[in-house]
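Asks: What follows is a structure written as structure tokens; I'll ask about it next.
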Amino acid sequence: SDLYYPHPGYPYGPPAYGYPQIYQPLGAQRPGTATTASVLAFVNGGLLIAAALLLFAGASVIDDLGSAAQVETTFTTTEFRRDALAKLLAAGLLIAGGVALAARKAIGRTMIAVGSVLVTAAAIYWLTRFDAFATTVFYGLLFAALSVLSIVMAFTGSTRSWLAFETPAPSVPPTPYG
């Protein structure tokens, strides 16, 4: 009975021919620029959601402080809330665009572009509104840089050709002995 099994102390060798690899035509592989655009859109979207939550909290705190001190704060709280809603809209566009682009849908590039334009416009607004306040400059430039990089990566030639590539129909292997 030991004829068909390896002896103790002698392990099995490696597989003779290795594991079969999936064949993909060259144009079917996702380029790094498409992955980079998607990941940057996800990161920017997450940061925008955090910023929107902070703006909502800040508006609430300013409103409470204004009520306690009998000071009118409607303009500031309204501005914070509107900006928070704009950031949530842009975050939704960026995250959905990143998912669509990763799934090889051309609409993802458009969503990333529109969300990035919203973010860049908001960054320019806040940079001019607060006259180079240090944290405003940092976050404004951070959001704008991520947005610009997402657009650049989403519209490169390799991403464009990858989105335009049509995968060939799978060939059916012949039936053995048939």
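The values are calculated or read from the model by the stated rules, or taken from the named source; none is laboratory data. It should be emphasised that the depicted structure is a prediction, and the values quoted were computed from it without experimental measurement. FYI the Cβ positions are ideal-geometry reconstructions off the backbone, even for glycines, and counts take in every protein chain you see. With ligands, DNA and RNA removed, areas are computed over all heavy atoms of the protein, side chains included. Shrake-Rupley method; radii C 1.70, N 1.55, O 1.52, S 1.80 Å.
Asks: In whole Hz, with x marking every Gly and Pro, tabulate ³J(HN,Hα) for region 62-70 from phi via Karplus 6.51 cos²θ - 1.76 cosθ + 1.60, θ = phi - 60°.
Replies: 4, 5, 5, 5, x, 5, 5, 9, 6
Asks: May I ask you to evaluate 6.51 cos²θ - 1.76 cosθ + 1.60, the Karplus curve with θ = phi - 60°, for each residue of region 36-46 and list the ³J(HN,Hα) values in order in whole Hz, giving x for glycine and proline?
Replies: Along region 36-46, the couplings run 4, 4, 5, 5, 5, 5, 5, 4, 5, x, x Hz.
Asks: While we're here: In the neighborhood of residue 116, defined by Cβ-to-Cβ distances under 15 Å, what is the net charge if each Lys or Arg adds +1 and each Asp or Glu adds -1? Working shown, then result.
Replies: Values: positive: 87, 109; negative: none.
Here the count lands on +2.
Asks: In region 93-148, carbon and sulfur make up what percent of the accessible area (probe 1.4 Å)?
Replies: Working: 2300 of 2890 Å².
C and S fraction of accessible area: 80 percent.
Asks: While we're on this one: In Å², and per residue, what accessible area does region 31-75 have when probed at 1.4 Å with the other protein chains present?
Replies: Value for region 31-75: 54 Å² per residue.
Asks: Count the net charge of all other residues whose Cβ sits under 15 Å from the Cβ of residue 33, scoring Lys and Arg as +1 and Asp and Glu as -1.
Replies: +4
Asks: Mind giving me the FRET efficiency for residue 74 and residue 124? R0 is 35 Å, r the Cβ-Cβ distance, nearest 0.05 is fine.
Replies: Efficiency, from the Cβ-Cβ distance: 0.90.
Asks: Counting Lys and Arg as +1 and Asp and Glu as -1, what is the net charge of the other residues whose Cβ lies under 11 Å from the Cβ of residue 163?
Replies: Summing Lys and Arg as +1 and Asp and Glu as -1 gives +4.
Asks: With θ taken as phi - 60° and the coefficients 6.51, -1.76 and 1.60, list the Karplus ³J(HN,Hα) couplings across region 151-160 in order, rounded to whole Hz; mark glycine and proline as x.
Replies: 5, 4, 5, 6, 10, 6, x, 5, 5, 4
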